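Okay, structure first, notes after.
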Amino acid sequence: MKLLRIASLTVALIFVGGGLAQATPRVVRSAPPFVAGFYSEQGTAKGVAFIEFFVSGNGKEILGGHKSGGSCDASSALVAEGVQGTAGITFFFPQSIPISPSGAFSGTETVTMTPYETQSTVGGSGTITISGHFIKGKIVSYRTNAVVGTFNAPSICATTTPKRLVMQWDINDL
């Protein structure tokens, strides 16, 4: 019986140790220029706007086009125009947003959404405002908050959409 317990414990430690070795996050220093790559909301945190973006290879801008954007429930104004209120909408930043040498960024842009992006028979448009800054210091992928800021899009997103940004660096989507 004692031998069975020791064997079971050994097998369990091998699995746990193997899993830890594979899931070890990478540590990166995010001093300017900031770390390039993909940033997204922190896990499943509540009260955080669902925004994702890619930072350019030189760390000087958040890439626009279909590289960076977000999603939310449609605003009452879009629902009145025929956008479904029960399905989420997707939007993309039309232009790149510069990142200052200190790590700050901000932008106000007009976005246009296709019927596919609104999941409706009609498209939509509106204004988004995003601002924030990159946190200096050691960043551990998936664990350390790398970006904090605010997001606002009352003409596009429902009033229940969170305004707070808290993002982590995702090394799997570089």
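Observations, loosely collected:
- Of residues in the stretch 98-109 being of a type outside the set (A, V, I, L, M, F, W, C) and part of a strand (DSSP E or B), the one surrounded by the fewest Cβ atoms within 10 Å (Cβ to Cβ): T108
- Residue match in the stretch 135-148 (condition: modelled with pLDDT of 90 or more, among the hydrophobic types (A, V, I, L, M, F, W, C) and within 15 Å of F38 (Cβ to Cβ)): yes
- Selection of first residues in the stretch 57-81 that are touching a residue at least 60 places away in the same chain (Cβ under 8 Å) and of second residues that are among the aliphatic types (A, V, I, L, M), restricted to Cβ pairs under 6 Å at least 6 apart or on distinct chains, gives the following pairs, ordered by first then second residue: G70/I51; D73/A158; A74/V83; A74/I89; S75/I156; S75/A158.
- Scanning the stretch 82-107 for residues that are touching a Ser or Thr at 6+ places or on another chain (Cβ under 7 Å) and either acidic (D, E) or more than 14 Å from G70 (Cα to Cα) (or both) yields a count of 5.
- Scanning the stretch 120-142 for residues that are touching a residue at least 60 places away in the same chain (Cβ under 8 Å), crowded, with 20+ Cβ neighbours inside 10 Å and over 19 Å from E52 (Cβ atoms) yields a total of 0.
- Filter pass, T160 being assigned to a loop (DSSP other than H, G, I, E, B), out of contact with any strand residue (DSSP E or B) (no Cβ under 6 Å at 6 or more places or on another chain) and touching a residue at least 40 places away in the same chain (Cβ under 8 Å): yes
The values are calculated or read from the model by the stated rules, or taken from the named source; none is laboratory data. Predicted model, so just to flag it, every value in this text is computed and none were measured. Heads up, the Cβs are rebuilt from the backbone with ideal geometry, glycines too, and the neighbour counts pull from every protein chain shown.
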